[in-house]
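Beneath this line is the structure, given in structure tokens, with notes to follow.
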Amino acid sequence: MVEFYEFSYTLIAILASWSMYATLYGKPSPFRSWAESSFIGFTMGLNLVVTFFYVLRTGWEPFLRGNWMPVMGIILGLLMILRLFPKYSYISRVPIAISLGTNLAISLRTTIFTGFINQIQATIVPFWVPGNLYQSMLNTTISVSVVLMMTFFLYSTEFKGPLKYTSKAGEYVLYIALGAVFAQTFMGRLGLLVGYMQSITDPAWKVPYTLSFAVIVLAGTVVLDRYGLLEKYSD
Amino acid sequence: MALIDIYPIQSGKITGLILLALVFVITLYLMSGGKKPYVRRVPGLDAMEDAVGRSTEMGKPVVASYGWAFSGFDYWTVAGLTILSHVAKLCAKTNTRLLVPTGGSEGSYIVRPVAVEIVKNAYDVEGKGDLFNENDMPFLSGSQFAMGTGYAGMLLSNRPGSMIMAGSSAADAMMIAEVSNQVGAITITAPTYIGNVAALACASDYVMIGEEAVAAGAYLSQEPAQLASIRTQDIYKFIGIGLILLGWVLTAVSSNLIQQILST
Amino acid sequence: MSENGIFKIMATLDRRIIYLLIFILTLGPVLNPLGLPIAVTQETVTYYSYLQDLNEDDVIWAAWETGFSAWNELKAGIIATYREVIKSGAKMVVAYGTTEDNAVFQLVFGDPQQGIRGILSDDLEQYDYQYGRDYIVLGYVLVNEASTSSLARDLHSVVTTDYKGNSLDGTFWDDLQNAGDFTLIIDFSPGMQTNAMIRHWVMDYGVPMIEGAIGVNIPSLMPYISTGHLKAMLQSTRGCAELEYLAGVPGPGLTSMDAFTLIHYVIVAFIIMGNIGYFGWEKNSKQKTRTAVG
Amino acid sequence: MASILRRKETSLILIGLSFFIVTGVYFFDIPALGDFSNNLVLMVSVLNAMSILLALYSQTRRSLLLVRQKAHGWPYQLYLVITLYLMAVVGFIFGQTSQQFMWFQYAILNPTGSVIYSILAFYMASACARAFRARSPQAALLLLSGIIVLLGQAPLTGVFAPFMGTARTYLTDSFAMAASRVFTMSVTMGAVVLGVRIITGKESAAIGFEGG
């Protein structure tokens, strides 16, 4: 026996999911418009609540313990809104400046290691690993590909001399890589699709509702399209 | 592993500090120097001109966007705006209607007024100020996916001859590119992360990979700051290539000097 | 002429047929699993070995950053991973990376105080894994790179209460000062604070980190595997299913693998068909489709 | 005061100061600044979180404007604003871990948030069926590696053809990884260089000048 709580949200969820899938019909649709406005509205409401509690815990509570700096974040955050009012927007430049400088600092100070130095270190590997043909192949391919592709992504020099050949080779290597990356990306989207389909069909009591809502939304879309009302009733 | 320690620099961070400081020095030097750094003309620019030309021939509009501007004026958005300005000039010159969907993030509220100014300016430069119509630059939504659907809807109802999408974009770029292809528009995209590059390469007619869009922007603007950035990045690529090649040679003779230097 | 017609159909297949087929092939096996066998990859074995090595002395930083979308992709892996954590008895600090993770966490762990049961509630009871003593939940604290970095440096400066505002005094939270006090980071994420954690937790404090990655992020996180920043990666739903297999507890991951296999094969079939159509008709016709590749 | 704030130099000094303090303690051993820098970062994390108000204000204002103008699809805009504040009220009254607050998340956010991304599986399938053609050497390489990885990824393949699994791992761990590494390095350097431009005041728009 399913509780009413779960039953009620499941029904709405199934309707919302098929409404969202109505996008695939290729035309604007009121189902899609409803699902999308719900998505935006509820997400913003959720973010507002959860972020409020974060600010309360991290900005306000330390202040009660005597640390005044985090609370400045709240004040500066309020000043940030002035950016939308041209007359007072100059005040918002203070929070923008502090936020930009600090954000740049925390990201740049470490990204130079993880994103550049460590990547070079990981590329300097022996081509031949004794007794391990696969690893040797892997090391060689990675190192050579990285160098070739780096020459392909040069923009301040003409592709002349040796660069002409390395950049061309880099382009070929890049396309091999893109094929593999495409497949990996596809796997992710597919995993989500299958995983979501599971959540609206498992346990089995959901199946009749899932299938009937699919028919209702599809039929509704086709009928509205027949009478040319899709555009009129969507946003 | 660190080769040396110099007080008061934290152990193992000397190379990082030097490389970071060097970016400042090189970029500032290139920006202030008398001679502008050279940036080559990337093929993407030709693709854009062809696309606009085809729209003109067919008498159809061009849809161009500078992206979602997720964090305001970021790396990709600055390039996207320069490209938009170029496309606007091409459209003004050939009396082709230009549609610019805007919005998509919190940052987009701030970027949009600048974009409007840029397009208006482009029309003025070509002496076609009267053709500029701000209603052709609608603000679709402040939310990412609603911008995506709005954008797709715009393509479906206007059936443009070409669609050029530069700047920062995310997952929904794939949907837009597919719809654009469906309505028969020449589709040019500039994805910003590798998962999207592969997907958009399949859905578009031309894809500006990596920093091609940024380089195109720098080439078009001829602004010292943008040109210097591209040059600095290239110098770092050369540094990277050099270190890797040197590392190989030293690894072959069983020395890990480069690794040690990099860990210093 | 008729042959030409077949090639033409192959080359210009209506996209609606593809959409429909994918829907059928997803729903079919999900409703009626075929139980096709699967192969296990080395990456998942490595990931599993980190879970097996856990014991009661370990303290885990559990980053729940999925939100709903990545939850649906990675749920099999999340359930299997935390089942192993509960079994091992390791201490765990849970932090959320999106506003939706409160709801996601409650689906899995329930809420003992409110009497809500989750997917792993039986395991929690079986191994006597208790809130406050064995695990604590900080809530939404991985808000942005700045907060992730602050936490790494000084945990207590950011939060002193749990997600419901209750004091954490007297729990194992008191013994933790900074990122260095954790023995493992487990992160399931569509990319929210993953890079920030690599930069500020792994880079600066050397904490080993294992990752459950959504498919889109696999390529961009790969470089961190070879630099050693990430110790192991669970690759999308496929990796999650393999983990279920290794752990010996079949769940949603393994049942989804049939649809996974079939759709992959159908896509390959479409591609091959398209190429036959291309060489048979499109190559010599005027109606060439245009793409960036080629 | 206002005239000081209006000056670009003020912004640049603030950016420079916060940048050099936070980077300084990272690279140099400066115990005196350590706590201040930590607090500064924490403050900025709160400040960044507050930017939600910007989105909230802008969205509400825009939606209500469209409603007032009776623009096309205005009922949806009205509905959006209502749901936004309904959700907020539920959250504030019952608390963020309450069952009432969760109900809306399970009913609306779970399906919409998941489906919106899973739709891309369909678009990707149709795009690759159309674009994976051996039109040129580059395209042929893309096609080949794409097919191998797709086949190797299907969990069943590895059971009857283990070499396909190996081929897939080889392609993803070498070529794809290398490409991703080059991208990572490019983006890293791009971010650093943009940082230089911002700190030196070359990106006026980014710090709130022009059009702000």
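Going through (1) away from chain A (no Cβ under 11 Å); (2) open to solvent by less than 10 Å² (accessible area, probe 1.4 Å); (3) more than 18 Å from residue A:65 (Cβ to Cβ) one by one, residue C:139 falls short only on (1). Would segment C:189-199 turn up any residue that is closer than 22 Å to residue C:52 by Cα, open to solvent by 10 Å² or more (accessible area, probe 1.4 Å), assigned by TED's automatic domain parsing to the domain that holds residue C:89 and at pLDDT 90 or above? No; the residues of segment C:189-199 include none that is closer than 22 Å to residue C:52 by Cα, open to solvent by 10 Å² or more (accessible area, probe 1.4 Å), assigned by TED's automatic domain parsing to the domain that holds residue C:89 and at pLDDT 90 or above.
Considering only residues that are of a type in the set (S, T, N, Q) and surrounded by 14 or more Cβ atoms within 10 Å (Cβ to Cβ), look in segment D:3-19 and name the one that is farthest from residue D:203 (Cα to Cα). So, considering only residues that are of a type in the set (S, T, N, Q) and surrounded by 14 or more Cβ atoms within 10 Å (Cβ to Cβ), the one farthest from residue D:203 (Cα to Cα) is D:18.
Here is a check on your reading of the model: is residue B:54 surrounded by fewer than 14 Cβ atoms within 10 Å (Cβ to Cβ) and either within 30 Å of residue B:129 (Cβ to Cβ) or among the polar types (S, T, N, Q) (or both)?
Values: surrounded by fewer than 14 Cβ atoms within 10 Å (Cβ to Cβ): no; either within 30 Å of residue B:129 (Cβ to Cβ) or among the polar types (S, T, N, Q) (or both): yes.
No; evaluated as a whole, the condition is false for this residue.
Considered as a group, the residues in segment B:215-244 that are among the aliphatic types (A, V, I, L, M) and open to solvent by 10 Å² or more (accessible area, probe 1.4 Å) include one that is farthest from the other protein chains (Cβ to nearest Cβ), and that residue is B:220. The residues on offer are C:161, C:194, and the sole one that is under 29 Å from residue A:191 (Cβ atoms) and of a type outside the set (Gly, Ala, Ser) is C:194. Restricted to segment B:8-42, and to residues there that are touching a Phe, Trp or Tyr at 6+ places or on another chain (Cβ under 8 Å), without any contact (Cβ under 8 Å) to a residue 12 or more places away in the chain and of a type outside the set (A, V, I, L, M, F, W, C), the residue that is surrounded by the fewest Cβ atoms within 10 Å (Cβ to Cβ) is B:8.
Looking only at residues in segment D:155-212 that are among the hydroxyl-bearing types (Ser, Thr, Tyr), at the interface with chain C (Cβ under 9 Å from one of its Cβ atoms) and farther than 25 Å from residue B:235 by Cβ, the one that is most open to solvent (accessible area, probe 1.4 Å) is D:169. The lone criterion from (1) part of a helix (DSSP H, G or I); (2) at the interface with another protein chain (Cβ under 8 Å from one of its Cβ atoms); (3) closer than 23 Å to residue D:38 by Cα left unmet by residue A:47 is number (3). The requirement of being in a helix (DSSP H, G or I), over 23 Å from residue D:139 (Cβ atoms) and of a type in the set (Phe, Trp, Tyr) is not satisfied by residue A:127.
Is it true that residue D:148 is more than 9 Å from chain C (Cβ to nearest Cβ), within 21 Å of residue C:238 (Cα to Cα) and part of a helix (DSSP H, G or I)?
Values: more than 9 Å from chain C (Cβ to nearest Cβ): yes; within 21 Å of residue C:238 (Cα to Cα): yes; part of a helix (DSSP H, G or I): yes.
Taking the combined requirement at face value, the residue satisfies it.
Taking residues in segment C:10-22 that are over 20 Å from residue C:264 (Cβ atoms), and partners anywhere that are surrounded by 20 or more Cβ atoms within 10 Å (Cβ to Cβ), the pairs with Cβ atoms closer than 7 Å and at least 6 places apart or on different chains are C:11/C:274; C:11/C:277; C:11/C:278; C:11/C:281; C:11/C:282. Can you tell me which residues in segment C:238-253 are within 11 Å of chain A (Cβ to nearest Cβ) and in contact with a Pro (Cβ under 9 Å, 6 or more places away or on another chain)? Once the filter is applied, which keeps residues that are within 11 Å of chain A (Cβ to nearest Cβ) and in contact with a Pro (Cβ under 9 Å, 6 or more places away or on another chain), segment C:238-253 yields C:238, C:240, C:241.
Kindly indicate whether residue B:88 is in contact with a helix residue (DSSP H, G or I) (Cβ under 7 Å, 6 or more places away or on another chain), under 30 Å from residue B:110 (Cβ atoms) and more than 10 Å from chain D (Cβ to nearest Cβ).
Working: in contact with a helix residue (DSSP H, G or I) (Cβ under 7 Å, 6 or more places away or on another chain): yes; under 30 Å from residue B:110 (Cβ atoms): yes; more than 10 Å from chain D (Cβ to nearest Cβ): yes.
In short, yes.
Looking at segment D:44-123, the helices (runs of 4 or more DSSP H) lying wholly inside it that each contain 1 or more residues that are more than 7 Å from every other protein chain (Cβ to nearest Cβ), open to solvent by less than 60 Å² (accessible area, probe 1.4 Å) and hydroxyl-bearing (Ser, Thr, Tyr) sit at D:52-68.
Note on segment A:12-33: residues that are at the interface with chain D (Cβ under 8 Å from one of its Cβ atoms) and closer than 18 Å to residue A:212 by Cβ amount to 7.
Of all the numbered requirements in (1) in contact with a Leu (Cβ under 7 Å, 6 or more places away or on another chain); (2) more than 7 Å from chain D (Cβ to nearest Cβ); (3) under 20 Å from residue D:199 (Cβ atoms), residue A:120 misses one, and that requirement is (3).
Inside segment C:6-40, can you point out the residues that are among the hydroxyl-bearing types (Ser, Thr, Tyr) and assigned to a loop (DSSP other than H, G, I, E, B)? Explain how you work it out, then say what you get.
Within segment C:6-40, the subset among the hydroxyl-bearing types (Ser, Thr, Tyr) is C:12, C:19, C:26.
The one that is among the hydroxyl-bearing types (Ser, Thr, Tyr) and assigned to a loop (DSSP other than H, G, I, E, B): C:12.
For segment A:130-235, list the helices (runs of 4 or more DSSP H) that sit wholly inside it and hold at least 2 residues that are open to solvent by less than 20 Å² (accessible area, probe 1.4 Å) and among the β-branched types (Val, Ile, Thr); which are they?
On the way: elements: A:133-152, A:162-199, A:206-226, A:230-233.
It comes to A:133-152, A:162-199, A:206-226.
Do you know which of the residues in segment D:20-40 that are over 19 Å from residue B:17 (Cβ atoms) and buried (at least 19 other Cβ atoms within 10 Å of the Cβ) is nearest to the other protein chains (Cβ to nearest Cβ)?
Out of the qualifying residues, it is D:39.
Kindly check whether there is at least one residue in segment C:108-116 that is within 11 Å of chain D (Cβ to nearest Cβ), modelled with pLDDT under 95 and within 23 Å of residue A:197 (Cβ to Cβ). No; the residues of segment C:108-116 include none that is within 11 Å of chain D (Cβ to nearest Cβ), modelled with pLDDT under 95 and within 23 Å of residue A:197 (Cβ to Cβ). Of A:81, A:106, all but one fail to be assigned to a helix (DSSP H, G or I), surrounded by fewer than 21 Cβ atoms within 10 Å (Cβ to Cβ) and either of a type in the set (Phe, Trp, Tyr) or within 26 Å of the chain's Cα centre (by Cα) (or both); the exception is A:81. If you go through segment C:41-67 and pick out every residue that is outside any helix (DSSP H, G or I) and touching a residue at least 24 places away in the same chain (Cβ under 8 Å), you end up with 14.
On the given criteria, is residue A:145 more than 7 Å from chain D (Cβ to nearest Cβ) and in contact with a Phe, Trp or Tyr (Cβ under 7 Å, 6 or more places away or on another chain)? Judged against the criteria, residue A:145 is not a match. What pairs come up if the first residue lies in segment A:86-107 and is at the interface with chain D (Cβ under 7 Å from one of its Cβ atoms), the second is among the basic types (Lys, Arg) and part of a helix (DSSP H, G or I), and their beta carbons are under 7 Å apart, counting only those six or more places apart or on different chains? Listed pairs, sorted by first residue: A:89/A:83; A:90/D:6; A:92/A:83. Please indicate, with yes or no, whether at least one residue in segment A:156-177 is in contact (Cβ under 8 Å) with a residue 40 or more places away in the chain and within 12 Å of chain C (Cβ to nearest Cβ). No, the conditions are met nowhere in segment A:156-177.
The values are calculated or read from the model by the stated rules, or taken from the named source; none is laboratory data. This is a predicted model, so every value here is computed, not measured. For neighbour counting, all protein chains shown are included, and Cβ atoms are generated from backbone atoms with ideal geometry for every residue, glycine included. Surface areas here come from the heavy atoms of the whole protein model, side chains and all, with no ligands, DNA or RNA. Shrake-Rupley method; radii C 1.70, N 1.55, O 1.52, S 1.80 Å.
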